[in-house]
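What follows is a short report on a single structure.
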Amino acid sequence: MEPVYGKNNKEERPLAHYLERYRAADPGEMSVRCGLPWDDKTRRFSLPFLGEQFTLTHPEFEVEGPRTLTNAERILLLRYLLEGRAAPAGGRWLTYREVPWGEVYLQQFDGRCVKRFAFTYGGRPELLERVMARLPAVRLDRGDAGYQVELLPGLQIQFILWLGDEEFPPSGQILFSDNFLLAFTAEDMAVIGDIVLGRMKALAAEEEKLL
């Protein structure tokens, strides 16, 4: 599997690589394959990303929206447009271990995503509730606190939290709708967990300033 989110991301080499491919790609084909609206007059894609609306120009890939995207987020969107495919979910929810090649990045995903989620919010479920209300997310009747987040149209992620007590530390689980298998690779999905948690961290910081 080709690494695309390595340390050289700081030098923007992966971003430059995907920008070059994007410029040469057919926007009409990307629109149909990814199920994203394309306006041929304005040369723009329109897509919701984590509950916020963005537009992406072609071939320049100028991004307009309510916030500035990180390089990791920009690479993720480029990879979806270049290699992903929209498909309806089949009803299964996948753990990261069940994703093809997931074993390769499992330790990274568990540490940087699952444990980070559990230990950040395991003692502060009220903060998690406020953050998820702003993301926005759908409340689930799972665990001690469960929420469903839409990354891109039809691509859903579930965050499930079990609170800690005097005997056991908090724990969590992150599940992906099964149509992720057509949209992203295991490495992408590990980065997706990091991206969503990063957005949650920013919203949590904003919430704490309001207290």
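Go through region 67-154 and name the chymotrypsin sites (Phe, Trp or Tyr not before Pro) that are in a DSSP coil and have 16 or fewer other Cβ atoms within 10 Å of their Cβ.
Numbers: sites: Tyr80, Trp93, Tyr96, Trp101, Tyr105, Phe109, Phe117, Phe119, Tyr121, Tyr147; in loops: Trp101.
In loop regions of region 67-154 (DSSP not H, G, I, E or B), the sparsely surrounded chymotrypsin sites (Phe, Trp or Tyr not before Pro) are Trp101.
Please report, as a whole percent, how much of the solvent-accessible surface of region 1-146 comes from carbon and sulfur atoms (probe radius 1.4 Å). If you can, show how the numbers build up before the last one.
Working: 4040 of 8240 Å².
Here carbon and sulfur together make up 49 percent of the probe-accessible area.
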Q) On a 0 to 90 degree scale, rounded to 10, what angle separates helix 125-134 from the longest Cα axis of the chain? A) 20
Q | Label point distance in nm, Gln107-Glu52, each placed 7 Å from Cα along Cα→Cβ | A | 3.4
Q) Which of the aspartates and glutamates could a cross-linker bridge to Lys209, judged by Cα under 18 Å and excluding same-chain residues fewer than eight apart? A) Glu126, Glu129
(Q) If a paramagnetic tag sat 7 Å from the Cα of Arg23 along the Cα-Cβ line, which residues of region 33-60 would have the backbone N under 14 Å from that point? (A) 58-60
Q: Skip the ligands, DNA and RNA, and give the accessible area per residue of region 8-100 with a 1.4 Å probe, whole Å².
A: 54
Q: Describe numerically, in nm with one decimal, the distance between label points set 7 Å from Cα along Cα→Cβ at Arg13 and at Leu140.
A: 3.8
Q | GNM result for the chain, Cα springs below 10 Å: residue of Gly172, Gly84, Gly198 fluctuating most strongly | A | Gly198
Q) Can you give the extra length, in nm with one decimal, that the chain gains between Glu64 and Phe168 once fully stretched, where that is 0.36 nm per residue apart less the Cα-Cα distance? A) 33.0 nm
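The values are calculated or read from the model by the stated rules, or taken from the named source; none is laboratory data. None of the values given here were measured: they were computed from a predicted structure. Glycine gets a Cβ as well: all are built from the backbone with ideal geometry, and neighbour counts include every protein chain shown. When the accessible area is computed, the model is the full protein with side chains, heavy atoms only, and any ligands, DNA or RNA have been set aside. Shrake-Rupley method; radii C 1.70, N 1.55, O 1.52, S 1.80 Å.
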